[in-house]
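What follows is a short report on a single structure.
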Amino acid sequence: MVRERTLQLTASGKAKLEEELAHLINVKRPELTSRIQDSSDQGDMTDNPEYDSVKEEIIQTDARIVELEQMLERAEVIEQPSKDSVGLGSTVTIRSDDGEEETYILVDHAEADIRDGSISTESPVGQELYGKRPGDSATVKTPGGVIVYTVLRIE
């Protein structure tokens, strides 16, 4: 039996996954079940695009529920990260070589969401920042070329 690796999450990241799971189980899945029942009550399902669409959405929702349950079973909330060097859970402010400043939180891939400022430690930027200290440079190869970031501060 292959044991899956522990998923290291911030406390807020774990809470977000738990909220998503609760929403899927308690709100979305019952809504979909109701919609499929309504759709099947309309008769012949062989030519019913609404039925097929809802059925596909149920499959995707169930898959996400299983995925979240498995992730949360393996989840471990990380301790407060060190402010000496960039690590899992660190909030780091960096400046690119063009002078633009950005702030990110480094998290596990399961928690990463660039929309809320969190990036994976497995991403190119996350990998290069990991272990750096304020004042250190990180060189990241991107499809558009090489970008050099300087670590300004770690919170």
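The values are calculated or read from the model by the stated rules, or taken from the named source; none is laboratory data. Source: prediction; values computed, not measured. Glycine gets a Cβ as well: all are built from the backbone with ideal geometry, and neighbour counts include every protein chain shown.
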Scope segment 50-88; condition hydroxyl-bearing (Ser, Thr, Tyr) and under 13 Å from LEU21 (Cβ atoms); matching residues:
THR61
May I ask you to list the residues in segment 92-124 that are among the aliphatic types (A, V, I, L, M) and more than 25 Å from GLU4 (Cβ to Cβ)?
VAL92, ILE94
Among the residues of segment 79-96, is there at least one that is touching a helix residue (DSSP H, G or I) at 6+ places or on another chain (Cβ under 7 Å), farther than 26 Å from ALA138 by Cβ and of a type in the set (A, V, I, L, M)?
no
Is one or more of the residues making up segment 27-42 buried (at least 18 other Cβ atoms within 10 Å of the Cβ), assigned to a helix (DSSP H, G or I) and polar (S, T, N, Q)?
yes
Given (1) outside any helix (DSSP H, G or I); (2) more than 19 Å from THR10 (Cβ to Cβ), where does TYR104 come up short, assuming only one miss?
(2)
Looking across segment 120-137 at residues that are assigned to a loop (DSSP other than H, G, I, E, B) and crowded, with 20+ Cβ neighbours inside 10 Å, the single one that is farthest from the chain's Cα centre (by Cα) is LYS132
When every residue in segment 43-53 that is part of a helix (DSSP H, G or I) and at pLDDT below 85 is compared, the one surrounded by the fewest Cβ atoms within 10 Å (Cβ to Cβ) is PRO49
Positions within segment 1-26 being part of a helix (DSSP H, G or I) and either acidic (Asp, Glu) or in contact (Cβ under 8 Å) with a residue 40 or more places away in the chain (or both), in sequence order:
ALA11, GLY13, LYS14, LYS16, LEU17, GLU18, GLU19, GLU20, LEU21, LEU24, ILE25
Residues of segment 54-87 classified as closer than 20 Å to LEU9 by Cβ, without any contact (Cβ under 8 Å) to a residue 40 or more places away in the chain and in a helix (DSSP H, G or I), total
3
Given the condition without any contact (Cβ under 8 Å) to a residue 24 or more places away in the chain and touching a Lys or Arg at 6+ places or on another chain (Cβ under 7 Å), answer yes or no: does some residue in segment 133-151 qualify?
yes
